[in-house]
Amino acid sequence: MVFSCHILRPTHSLLLFLTLSGALYAQSAEDIRQRTSALVPALGETHDIKMLNIAGPSLHSLPIDKAIYTTQMEFVEKTKRKNNLENKVKFSVVLTLFVFETTEDRDWALKSFFRSFFDAGSLRPGRDVKTLTGLSPGIVCINSHSISILTIPCAQYDALAFRDWRKMLLTYFGEEASTVVDIDGCDGPIVWTKNPPHPSDRRWK
């Protein structure tokens with residue numbers, strides 16, 4: 001069974017809200033709360049939503065001291081099914097959201113993030129990598145004042161479901177100018193799929 005695509009088709013009113021809120025709030029903390037509030041009902045029929053406690057100075061190797069808003073939640077399927085190890089489990093993903101007051105604060109956090117990408121090793125901005133041992137599948141969406149990260153347990157990776165979750169993340173939290181990084185499998189590959197920085201750009205190095 002693959003993550004259902006039907007919940008990823010936002011209504012006209014939701015699309016209008018996302019367009020207007022992006023223009024009015026420019027990915028402010030309130031905007032991210034509104035986008036999250038729009039997402040939760042869409043997943044509520046098939047998933048339980050758990051708010052996770054945030055402890056420590058960083059999440060996914062991304063320091064949070066410069067963020068003005070941070071939240072982390074887990075979406076857990078209500079029924080069990082077999083994972084890649086043939087164990088029956090409730091499939092889940094974790095969504096982590098960061099909002100920064102300035103692009104400079106965001107850039108400072110991203111420098112640290114890419115130096116120790118998910119605590120698995122260094123990632124050079126703008127350059128694809130075939131493998132990085134220890135990485136779980138996931139998607140990173142970078143906007144001017146926010147960073148959205150969705151991660152999937154390695155044993156639950158499915159290529160079609162990955163694309164559904166990617167579509168969900170970009171529908172609710174993406175923008176035209178978003179930079180997107182895909183970790184499309186266990187240990188990679190890592191691909192800069194949208195608006196990658198030029199390898200010579202030193203903002204995030």
(request) Give, rounded to the nearest 20 debye, the magnitude of the charge dipole that the chain has about its Cα centre when Lys and Arg contribute +1 at Cβ and Asp and Glu contribute -1 at Cβ. (result) 380
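In nm, what is the difference between 0.36 nm times the number of residues separating E101 and R127 and their Cα-Cα distance?
On the way: separation 26, 0.36 × 26 = 9.36 nm, distance 2.73 nm.
Once the chain is fully extended between E101 and R127, it gains 6.6 nm.
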(request) Highest first, please rank the peptides 162-171, 117-126 by the mean number of other Cβ atoms sitting within 10 Å of their residues. (result) 162-171, 117-126
(message) How large is log10 of I(q)/I(0) for the range 76-120 at q = 0.16 Å⁻¹ when the intensity is taken from the Debye formula with one equal scatterer per alpha-carbon?
(response) -0.66
(message) Treating the chain as a set of equal point scatterers at the Cα positions, no solvent, please give the Debye-formula log₁₀ I(q)/I(0) at q = 0.14 Å⁻¹.
(response) -0.82
(message) Which three numbers, in whole Å and largest first, are the semi-axes of the equivalent ellipsoid of the range 67-160 derived from its Cα gyration tensor as √(5λ)?
(response) 28, 18, 9
(request) Treating each Cα of the range 164-205 as an identical point scatterer and ignoring solvent, apply the Debye formula and state log10 I(q)/I(0) at q = 0.14, 0.29, 0.32 Å⁻¹. (result) -0.39, -1.08, -1.12
(message) Could you check the spin-label model distance between N53 and A159? Points 7 Å from the Cα along Cα→Cβ, value in nm.
(response) 4.1
(request) Using a/c under 1.5 as the rounded threshold, could you call the range 134-202 rounded, prolate or oblate? The axes a ≥ b ≥ c are square roots of the C-alpha gyration tensor eigenvalues, and prolate needs a/b larger than b/c, oblate otherwise. (result) oblate
(request) Report the charge-dipole magnitude of the range 95-164 in Debye, nearest 20, computed about the Cα centre from +1 at each Lys and Arg Cβ and -1 at each Asp and Glu Cβ. (result) 300
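Among 86-98, 67-79, how do they line up from the highest to the lowest mean number of other beta-carbon atoms within 10 Å?
Numbers: 86-98: 18.1, 67-79: 16.4.
Highest mean packing first, the order is 86-98, 67-79.
Using per-residue counts of other Cβ atoms within 10 Å, averaged over each peptide, order 133-146, 192-205 from highest down. Please list the in-between numbers first.
Working: 133-146: 21.2, 192-205: 14.0.
With the highest mean Cβ count within 10 Å placed first, the list reads 133-146, 192-205.
Bear in mind that the values in this text are calculations on the coordinates, not laboratory data. The shown structure was predicted, so the numbers you read here are calculated from the model rather than taken from an experiment. FYI the Cβ positions are ideal-geometry reconstructions off the backbone, even for glycines, and counts take in every protein chain you see.
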